[in-house]
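The values are calculated or read from the model by the stated rules, or taken from the named source; none is laboratory data. Here the structure is a predicted model, which is why all the values come from computation and not from measurement. We place every Cβ from the backbone using ideal geometry, glycine too, and count neighbours over all the protein chains shown. The protein model used for the area step is the full one, side chains on, heavy atoms only, and it has no ligands, DNA or RNA in it. Shrake-Rupley method; radii C 1.70, N 1.55, O 1.52, S 1.80 Å.
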Amino acid sequence: MFKLYNTLRRRIEQFEPINSPHVGLYTCGPTVYDYTHIGHLRKYVGDDLLKRILIANGFDVKHVQNITDVGHLTSDADEGDDKLDKRAKEKGMSVWEVAKFFEQYHFKSLDQVNVLRPNIVCRATEHIGEQIKLIEKLVKKGFTYQTKEAVYFDTSKFPDYGKLSGQKLEEKVVGVRKEVVVDPNKKNPADFVLWFFTVGHFQDHTMRWPSPWGEGFPGWHIECSAMSMEYLGDSFDIHTGGIDHIPVHHPNEIAQSEAATGKTFVKYWVHHNFLIVEGGKMSKSKGSFYRIDDILEKGFDPLALRYLFLTAHYRDKLNFTWQSLEASQNALNNLREEVREWDNPKIGCAEFEQKFIESVNNDLSIPQAVAVMWDMVTSDYPTSAKARSILEMDKVLGLKLDEFVSKPLEIPQEAQRLVKQREQAREKQDFKKSDDLRKEIKKLGFEVEDTPSGPRIVVN
Ligand code: AMP
Ligand code: ZN
């Protein structure tokens, strides 16, 4: 039985979908004005693990993810500019090209860490009509007010506003996005924009569309409500995001969706904790804003990063260090080498598979599940049984072990000859020759590791 921590009720609950075996899953996607970084990757790998576990439990998952390609003011936009407009000017590209560029980078990064693609990817700019329709419903039901600058959601009309964050409306001043442009006619600090007008500060905003209230562009929150309900219905099963979405973005989504439909928007809310780097917040000025290219440049396998993500529970912070990535790379290399030598998959180890599924079903206890996997690897079960079971486990872990299980390393004779010559050179203490030979071996795609029991050849 699958159990999941539900932020809405602050407890672990048994997962029961609204319309089993179908599961509607919505994951908040990226704002595409900058590169996807390894913090984002942790969040998306977390979503991916959740999805794979649901599939392993026999559920039929429909996964929807948005792309925020409308420029908005963001919480760290001290400059008071629309980041997309700003980026476009910097790069000499149109805002549309910038959004496409970073969207492609996002999915390319996700592919590298073996995140399954969503069933539906929906862009905010391609769903302006749906967003306007939803705002129209809210206007009709009296949940909005209009100023010269924007149409707002009136949070005082929605008494349940704090049910996700646990914050009372009066306390809500804290956590509201830093507002660069202060509208003197906004009533409560928690009220949020449904539709911006392209006037005043925003008169030059590139992306703009006509609406019943005037030309402008949608607020940030409305796209997630409009698109999730478009593809998954008014009420659906799971909605995820980073913990930064608990105080503002997700309460806003709940308020506007439930005010419009009168129904419960989402049954289970899942929030991922953050990745920090070398003990601190990822930061461009400190040079700790790493992306997948930085990982590859240093010679790591992107799946070593995925392995590192598996070592922490999704509700705990994870501290990234190059040392911890190195340890993950070593663990992954050892695992790959071990499984290569196993006999062809047959039967399986029911005992370990059972323990594994119990762990992942217990609110995604992945570190525990990985420990179960290693217990199995070092157990006395026949290797054919272990091979079968590890392939089952890897359907959840996503380490692409199928490329290694029962596939012994075939070392070409040429490489073997060079390794022997290198050993002889080392015995004669001719380290220059030994180094040159190592380079030759590397060219053939192999690496020699010197171990106490002699040289060991691994794939480069
Ligand atoms: P953004 O594109 O910056 O709005 O972020 C997209 C998603 O990634 C959001 O759900 C954020 O909560 C999440 N996120 C951003 N930074 C990190 C981080 N350092 N660690 C984990 N998740 C993050
Ligand atoms: Zn969202």
| message | For region 206-228, give me each residue that is crowded, with 22+ Cβ neighbours inside 10 Å, away from ligand 1 (no atom under 16 Å from the Cβ) and not in a strand (DSSP E or B). | response | 226
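Considering 232, 296, which residue is of a type in the set (A, V, I, L, M), on the phi < 0 side of the Ramachandran plot, open to solvent by 10 Å² or more (accessible area, probe 1.4 Å) and within 16 Å of ligand 2 (Cβ to nearest atom)?
232
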| message | Cβ-Cβ distance below 8 Å, separation of 6 or more or different chains: which pairs start in region 361-387 with a residue that is of a type in the set (A, V, I, L, M, F, W, C) and end on one that is in a helix (DSSP H, G or I) and open to solvent by 50 Å² or more (accessible area, probe 1.4 Å)? | response | 372/355; 377/338
| field | Residue match in region 43-61 (condition: open to solvent by 30 Å² or more (accessible area, probe 1.4 Å) and within 16 Å of ligand 1 (Cβ to nearest atom)) | value | no
| query | Residues 371, 415: which one is assigned to a helix (DSSP H, G or I) and touching a strand residue (DSSP E or B) at 6+ places or on another chain (Cβ under 6 Å)? | reply | 415
| request: With respect to residue 247, determine if the residue is within 12 Å of ligand 2 (Cβ to nearest atom) and either in contact (Cβ under 8 Å) with a residue 12 or more places away in the chain or open to solvent by less than 10 Å² (accessible area, probe 1.4 Å) (or both). | output: no
| field | Positions within region 18-36 being more than 16 Å from ligand 2 (Cβ to nearest atom) and either open to solvent by 20 Å² or more (accessible area, probe 1.4 Å) or at positive phi (or both), in sequence order | value | 18, 19, 20, 21, 22, 34, 35
| field | Number of the exception - residue 237 against (1) surrounded by 23 or more Cβ atoms within 10 Å (Cβ to Cβ); (2) within 27 Å of residue 197 (Cβ to Cβ); (3) acidic (Asp, Glu) | value | (2)
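If you take the residues in region 425-458 that are β-branched (Val, Ile, Thr) and in contact with a Lys or Arg (Cβ under 8 Å, 6 or more places away or on another chain), which one is nearest to residue 335 (Cα to Cα)?
448
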| Does residue 64 fit the bill of being within 15 Å of ligand 1 (Cβ to nearest atom), at pLDDT 95 or above, within 24 Å of residue 130 (Cα to Cα) and in contact with a Leu (Cβ under 7 Å, 6 or more places away or on another chain)? | yes
| note | Exactly one of 351, 341, 358 is charged (D, E, K, R), in contact (Cβ under 8 Å) with a residue 40 or more places away in the chain and surrounded by fewer than 17 Cβ atoms within 10 Å (Cβ to Cβ), and that one is 341
| message | Which of the numbered conditions does residue 288 fail, given that it passes all the others? Conditions: (1) in contact with a helix residue (DSSP H, G or I) (Cβ under 8 Å, 6 or more places away or on another chain); (2) among the hydroxyl-bearing types (Ser, Thr, Tyr); (3) within 13 Å of ligand 1 (Cβ to nearest atom). | response | (1)
